[in-house]
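The values are calculated or read from the model by the stated rules, or taken from the named source; none is laboratory data. Since the structure is predicted, the reported quantities are computational estimates derived from the model, not experimental observations. Ideal geometry is used to build each Cβ from the backbone, glycine not excepted, and the neighbour counts take in all protein chains shown. Each accessible area value is taken on the protein alone, full model and side chains, heavy atoms only, with ligands, DNA and RNA left out. Shrake-Rupley method; radii C 1.70, N 1.55, O 1.52, S 1.80 Å.
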Amino acid sequence: MQPYSAQNRSRNSAATTALSVTELNRQVKSLLESSFLTIHVEGELSNVVKASSGHWYFTLKDRDAQVRCAMFRNRNQYLKYKAKNGDKVVVRAKVSLYPGRGDYQLICDYMEESGVGSLQQAYEALKQKLQQQGLFDPAFKKPIPAHPQHLGIITSPTGAAVHDILTVLKRRFPSLPITLFPTTVQGADAAAQIADAIRLANHDGRCDVLIVGRGGGSLEDLWPFNEEIVAHSIFHSEIPIISAVGHEVDVSIADFVADLRAATPSAAAELISPDQQQLLRQLQQLQQRLTQAWMRSLQQRQQQLQWTRTRLRHPGDKLKEQAQKLDDLELRMQRAIRLQLERQKQQFNQWQQRYQRCSPLPHIAAGQQRKDELQHRLTTLMQGLLKQHKLQLSGLAATLNSVSPLATLDRGYAIVQDENGSVIQDIDHIVKDRSVETRLSNGRFRSTVTQIIKQ
């Protein structure tokens with residue numbers, strides 16, 4: 001009986017620890033989804049079913065194996081590629097399990113034709129075109145302000161990007177003013193709306209920096225940021241733009257054109273926002289340094305005040321000291337004046353005695369007499385010389401008068417001069433019809449030559 005009882009207990013314990021099918025599939029599903037991150041799988045489409053709900057169900061196969069796949073409406077509606085049987089495609093998916101059948105499957109979020117997909121080809125072509133046009137040239141990049149005064153965000157108002165940006169700014173710099181320019185960031189109309197939002201932000205004029213972007217997604221999801229209209233709107237924006245499109249591995253055309261690229265929206269918020277805590281620490285350090293400098297200055301002023309107090313005396317004491325000093329100086333001045341007067345008096349007496357001994361009056365009288373004699377002799381001599389020179393002058397005047405042309409004029413002769421005042425001595429120097437001047441002894445007259453007669 002004992003063996004039978006042990007066997008029963010073993011069976012009861014196994015029944016207690018057994019998993020249900022639902023729990024088994026749940027654990028397997030969790031294990032698959034945690035073991036495989038997003039993967040890319042290449043294969044041929046078969047059994048493509050497009051349900052009325054908009055979801056796609058299909059099989060992806062190669063020569064030796066196949067796997068079931070599902071692509072839900074919220075992912076396939078943005079695809080430009082339309083899936084059909086027989087196409088070779090590449091899907092981006094996560095590994096999962098469908099509990100209802102216990103089959104593992106791929107949940108796809110992106111699909112494109114195998115090889116270089118059409119979106120990738122369009123991406124490379126536009127990238128090359130815009131690069132040739134100079135839209136990527138670093139010379140056109142505008143500097144991002146170190147301390148923005150007003151931030152503009154161009155993204156979906158309901159997306160994760162705006163939430164991430166606001167979360168970072170709330171932590172780092174909550175006082176920064178923000179304006180959201182809402183736009184769709186996915187779908188056919190998204191590119192035009194993003195371009196319009198950029199133009200609106202420039203027209204608004206409040207922002208000094210813009211963040212343009214969205215959260216992560218497939219190439220199809222991010223495609224509006226690879227459109228030419230968005231690239232030109234970013235390039236012609238007068239406000240500096242930071243692109244924050246997708247995750248760090250995602251690179252869009254907008255990233256190349258923008259003035260600065262951020263790996264994620266959160267990274268963009270980090271780039272443009274000063275760290276409030278760091279600024280507070282710097283402010284505290286500056287405040288501490290200012291306080292220390294102020295205390296040092298106060299101590300110096302206190303020391304100067306103390307030193308000044310030790311030198312400061314009561315005005316009454318100072319006046320008494322000055323009055324006493326003034327009295328001493330007055331007495332010294334009086335003694336000095338008396339001594340100086342006595343010295344001057346003694347010196348005057350000495351000079352008076354010497355003057356009396358050396359008086360110039362006798363010498364002056366003798367000199368006066370000598371002067372009178374010399375003056376008499378000089379007068380006599382001058383009169384003789386004057387008489388002698390008068391006689392000489394009379395003789396020279398008579399001689400001069402005898403040879404003077406004026407004496408000749410007195411005898412009836414005349415002097416003829418041309419217009420320049422030169423004396424005409426030759427008949428050849430006279431020009432007919434010219435004016436000449438004739439000088440006589442008692443005057444002059446001017447005449448015109450009408451006839452020339454040569455001898």
From Pro274, Pro265, which residue is in contact with a Phe, Trp or Tyr (Cβ under 9 Å, 6 or more places away or on another chain), surrounded by 10 or more Cβ atoms within 10 Å (Cβ to Cβ) and within 30 Å of Pro177 (Cα to Cα)? Pro274
Got a sec? Which strands (runs of 3 or more DSSP E) wholly within the stretch 72-180 have at least 1 residues that are out of contact with any Cys (no Cβ under 9 Å at 6 or more places or on another chain) and open to solvent by 20 Å² or more (accessible area, probe 1.4 Å)? 88-98, 103-113
Do you know which residues across the stretch 220-248 are in a strand (DSSP E or B) and at positive phi? none
Exactly one of these conditions fails for His203: (1) open to solvent by 30 Å² or more (accessible area, probe 1.4 Å); (2) under 30 Å from Thr38 (Cβ atoms); (3) part of a helix (DSSP H, G or I). Give me its number. (2)
Of Leu106, Leu135, which residue is touching a Phe, Trp or Tyr at 6+ places or on another chain (Cβ under 6 Å) and at pLDDT 90 or above? Leu135
Residues of the stretch 422-446 satisfying the condition of being under 29 Å from Asn401 (Cα atoms) and touching a residue at least 12 places away in the same chain (Cβ under 8 Å): Ile424, Ile427, Val436, Glu437, Thr438, Arg439, Leu440, Ser441
Please enumerate the residues belonging to the stretch 220-254 that are over 24 Å from Met71 (Cα atoms), open to solvent by 10 Å² or more (accessible area, probe 1.4 Å) and in contact with a strand residue (DSSP E or B) (Cβ under 7 Å, 6 or more places away or on another chain). Ile239, Pro240
